[in-house]
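Colleague: Can you read through this structure? Questions will come right after.
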Amino acid sequence: MARARAAPSETAQEQFLATFSAAVQHARRVRGHTQVALAALVGIAPNTLARIERGELCPSVFIAQRLAAALAVPLESLTSPPRVAPPLTRTKLADTKLARTKLAAR
């Protein structure tokens, strides 16, 4: 007998939708599209795109793929949380150069 899968928690769904909606809005703005223009490229109503960007509507996989294609980005970039660059650290060489600069300035 097959077990029923547990539905994702509401929090996970909310996080996914927040990530997706922010990524779509950011990619649209970076590319200089209006909501009306992007909606036309994707084949959806501008109101539908506005609801997706506000996180009120989760698009189907088909619409998500069309959004990614219209924005010329991989679908994964719209569905994955943004990657945070590791903090910059100084190297010994940089510290040595900084120390020499400070000494020379005295």
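The values are calculated or read from the model by the stated rules, or taken from the named source; none is laboratory data. Computed from a predicted structure; not experimentally measured. When we count neighbours, we look across all protein chains shown, and the Cβ atoms used for this are built from the backbone with ideal geometry, even at glycine.
Colleague: Which ones in region 47-59 are loosely packed, with under 15 Cβ neighbours inside 10 Å and in a helix (DSSP H, G or I)?
Modeller: Matches in region 47-59: Asn47 only.
Colleague: Return only the number of the condition from (1) part of a helix (DSSP H, G or I); (2) modelled with pLDDT of 95 or more; (3) not hydrophobic (A, V, I, L, M, F, W, C) that Thr101 does not satisfy.
Modeller: (2)
Colleague: Exactly one of these conditions fails for Ile63: (1) touching a residue at least 24 places away in the same chain (Cβ under 8 Å); (2) crowded, with 16+ Cβ neighbours inside 10 Å; (3) closer than 17 Å to Ser77 by Cβ. Give me its number.
Modeller: Condition (1) is where Ile63 drops out.
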